[in-house]
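Each value in this text was obtained by applying a stated rule to the coordinates, not by laboratory testing. The structure presented is a predicted model; accordingly, all values stated were derived computationally and were not measured. Heads up, the Cβs are rebuilt from the backbone with ideal geometry, glycines too, and the neighbour counts pull from every protein chain shown.
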Amino acid sequence: MISNRERLILKAIIEHHSVHQQPISSKFLSCLSYLKYSSATIRYDMAQLEKKGYLCKTHISSGRIPSLKGYVFYFNHLITRNHDILQQISLFENIFKKNKNFNTETIIKEALTLLGNVTRYLVILAFPNALTTHKVAKIDVFFLSPEKAILLIITNHGQVRYQSLFLESCNSFNFKNLQNIIVIINNILFNKYLCESIKILQERNIENNFCNSRLFDKLINILIEIFYSFNSNNSHIYGINNLINNFSWADSNTMKEILHILDTNKLNEMLFDAHKYIFKFNNRIRWISCHKFAIISIPCEIKKFPDQKMFIAVLGPMTMAYPEVIPLLEYLSVNLSQTFYSKTNLISDSW
């Protein structure tokens, strides 16, 4: 158990450690107007909090810093929203009002760019793995000329990919043959997940009676490449300059770790694999601890597609200003979810 006085002290240490970026001492805490206890009393409670695992002591100071356990307790029981952010909320409201007749791409870019500017942290919008959440809705081919056609794939979530086909002259091949092959492939793959479709194509479980094997293999490889492309850009990053200009909290190894996460699929794995990485809190907020930095996120849902849950995330130092960041994330989650629900143009493929 943790006493009410210890709760006050733990909350004060976490929030002032966020501001001052250094260990917090009992002498400092005794000067706070709402902690009307002696330095000795506070020092005793800090020692108890350390024994219980909520605080850590560094080697270079007599002060304390929060432990991982301390942060988890803080998020679940102690955090309060900073009401001073109401002025910032009005800036976001202006974006939603100004762009209510625009597509979701414009609204998202402006809102999340503003979030990065307001918090001075890196902002991420992450989508789930398209290969396991999107199904084939339509595969079709359109002929533009005797030498050129467009191969089109649409998923059940409205995402579109296409690729140009440059047709070769061949005695055993004509437009009708290509159309027939595409019809067969469409019928076989319809309503199957993209990952299933890729496996079927790779195993060549499709009968071909219309063209030679070389042309058929080329078409199959193009389709597989297009399917994989649906998952090639499943996160969008805003405020990269904030990471570059405000990284005094990060040493070179930390920066390398952050850049590795951003350059690979590790980011989406961290956000969507709740069992492996994430601490979940009562208000749907998720917190990922990564040594010297943290990622705090909240789901953003599309009611029309329940399996298309996305995450709005903020990456910053472990000591980021959580009382300011969390209410902004909560506000954006609600309003972006409503925006997705009210728009027919859910996600622009031009991203």
Exercise. Given springs between every Cα pair under 10 Å in a Gaussian network model of the chain, which of 286, 161, 214 has the largest fluctuation?
Worked result: 214
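Mind scanning 256/309; 256/292; 36/69; 11/57; 266/292 and naming the pairs with a C-alpha gap bigger than 19 Å? Display every interim value, and only then the final one.
Working: 256/309 29 Å; 256/292 12 Å; 36/69 26 Å; 11/57 16 Å; 266/292 17 Å.
Long pairs (Cα-Cα over 19 Å): 256/309; 36/69.
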Problem set entry | Using θ = phi - 60° and Karplus 6.51 cos²θ - 1.76 cosθ + 1.60, couplings along region 229-235 (whole Hz; Gly, Pro as x) | 5, 5, 9, 7, 9, 9, 8
Problem set entry | Of 139, 129, 149, farthest towards positive along the dipole that unit charges on Lys, Arg, Asp, Glu beta carbons give the chain | 129
Problem set entry | Size of region 4-78 as Cα extents on the principal axes (Å, biggest first) | 28, 27, 24
For this session: Compare the Cα positions of 337, 237, 14 along the charge dipole of the chain (+1 at Cβ of Lys, Arg; -1 at Cβ of Asp, Glu; about the Cα centre) and return the one farthest towards the positive end.
Result: 14
Seminar exercise, completed: With residue 119 itself left out, Lys, Arg at +1 and Asp, Glu at -1 over residues whose Cβ is under 14 Å from its Cβ give -2
Exercise. Of the residues 73, 279, 175, which exhibits the maximal mean-square fluctuation in a Gaussian network model of the chain defined by a 10 Å Cα contact cut-off?
Worked result: 175
Exercise. Once phi is turned into θ = phi - 60°, what whole-Hz ³J(HN,Hα) does the Karplus curve with 6.51, -1.76 and 1.60 give for every residue of region 17-27, x standing for Gly and Pro?
Worked result: 5, 5, 6, 8, 6, 8, x, 9, 9, 5, 5
Exercise. If you place +1 on the Cβ of every Lys and Arg and -1 on the Cβ of every Asp and Glu, how big does the dipole about the Cα centre of the chain come out, in debye to the nearest 20?
Worked result: 1060
For this session: Using just the alpha carbons, could you tell me how many Å³ per residue the convex hull of the chain encloses?
Result: 167
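Taking the Cβ of residue 235 as the center, what net charge do the other residues with Cβ under 13 Å away carry, scoring Lys and Arg +1 and Asp and Glu -1?
Details: positive: 266; negative: 263, 269.
Taking every other residue near residue 235 into account, the sum is -1.
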Exercise. Which lysines, on any chain, are close to residue 218 with Cα under 28 Å apart, when same-chain ones fewer than 8 places away are left out?
Worked result: 135, 138, 148, 176, 192, 199
For this session: Could you run the Karplus curve 6.51 cos²θ - 1.76 cosθ + 1.60 with θ = phi - 60° over region 72-80 and give me ³J(HN,Hα) per residue in whole Hz, x for Gly and Pro?
Result: 4, 5, 4, 5, 7, 10, 10, 5, 10
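In deg cm²/dmol, rounded to 500, what helix-only [θ] at 222 nm does the chain give when every DSSP H run of at least 4 residues adds -39500 (n - 2.57) and the total is split over its residues? Don't skip to the end; give the middle numbers.
Details: 15 runs with 165 residues, N = 351.
When only DSSP H runs of four or more count, the value is -14000 deg cm²/dmol.
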